[in-house]
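In what follows, a structure is listed as structure tokens, so that the remarks can point back to it.
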Amino acid sequence: MQPADSTARTTSSTDDTLDLRLADDRADRLGEERLAVRPVDDARPDLLDHLAGWGPTDTPVGAFQLVPVKVSRDLPLIARWMNDPAVAAFWDLAGPEETTEKHLRGQLDGDGRSVPCLGVLKGVPMSYWEVYRADLDPLARHYPARPHDTGLHLLIGSVSDRGHGLGRTLLRAAADLALDHRPACARVIAEPDLRNTPSIVAFLSAGFRFSAELDLPDKRAALMLRDRALRHLM
């Protein structure tokens, strides 16, 4: 899924530290690193309801958490994922680390619309996410946006984690985290590239519904919606 032009940062009233193992593109896990979710002195508005403090949620495959990216810690891992040909086909961020860094800092230094995160499963960072305010994003010009619509972008980092239904499990978990922690949000949206059939299937399997085809500046996309009112029926 290709990233949107959006930006973000949030604060947390807690000081939680998670022990996380870095994930290699192979099945084995290399090294260990401590990811800390700490309070941030930030005058920008909190547009995503303290995402850094949402905490973990239980899934059928283990505890899952969205941890905001720290460039100095996470850049090498995310840049490696972006250079995977299967990822590069839809994210367009392949190349030197500076390319990924510019993209991340564009969000972290922005106005609070989007938060780039690591998806952490059972203590291991294994996916990259962007949680963003779709109603405040340029995307809102292309669909009937509602106040507080929350958007998701996702890539699964390790080849060994793909093709086993993990995406649909994590998409459902992330969408439900947003609905649980953002009471003003009535729906979670996504706009995967129409060519990315596995991604669209994952969203459908995660309880999203297909709403429309969108002609965006950089792609033709499928508008996918997960409605709060229908979440327990899908």
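Out of all the residues in the range 99-107, is one or more closer than 25 Å to R187 by Cβ and either among the charged types (D, E, K, R) or in contact with a Leu (Cβ under 6 Å, 6 or more places away or on another chain) (or both)?
no
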Conditions first: (1) at pLDDT 95 or above; (2) not in a loop (DSSP other than H, G, I, E, B). S160 passes all but one, so which condition is the exception? (1)
Determine, yes or no, whether A79 is surrounded by 22 or more Cβ atoms within 10 Å (Cβ to Cβ) and part of a helix (DSSP H, G or I). no
Does R146 satisfy being at pLDDT 95 or above, out of contact with any Pro (no Cβ under 6 Å at 6 or more places or on another chain) and either farther than 19 Å from L230 by Cβ or outside any helix (DSSP H, G or I) (or both)? yes
Output yes when any residue across the range 61-74 is polar (S, T, N, Q), surrounded by 15 or more Cβ atoms within 10 Å (Cβ to Cβ), in a loop (DSSP other than H, G, I, E, B) and at pLDDT 95 or above, and no when none is. no
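Out of the range 82-121, which residues are among the β-branched types (V, I, T) and either modelled with pLDDT under 95 or part of a helix (DSSP H, G or I) (or both)?
Once the filter is applied, which keeps residues that are among the β-branched types (V, I, T) and either modelled with pLDDT under 95 or part of a helix (DSSP H, G or I) (or both), the range 82-121 yields V87, T99, T100.
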Regarding R168, is this residue surrounded by fewer than 19 Cβ atoms within 10 Å (Cβ to Cβ), in contact with an Asp or Glu (Cβ under 8 Å, 6 or more places away or on another chain) and among the charged types (D, E, K, R)? no
Taking the range 179-223 and keeping only residues that are of a type in the set (G, A, S), part of a strand (DSSP E or B) and touching a helix residue (DSSP H, G or I) at 6+ places or on another chain (Cβ under 7 Å), one is left with A190, A222
Of the residues that make up the range 129-143, is at least one out of contact with any Gly (no Cβ under 7 Å at 6 or more places or on another chain) and among the aromatic types (F, W, Y)? yes
Where a residue in the range 199-221 is in contact (Cβ under 8 Å) with a residue 60 or more places away in the chain and its partner, wherever it lies, is assigned to a helix (DSSP H, G or I), with Cβ under 8 Å and at least six apart: S199/F90; S199/G167; L216/L139
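The values are calculated or read from the model by the stated rules, or taken from the named source; none is laboratory data. Nothing here was measured: the structure is a model prediction, and the numbers come from that model. Every residue, glycine among them, receives a Cβ derived from its backbone with ideal geometry; neighbour counts consider all protein chains shown.
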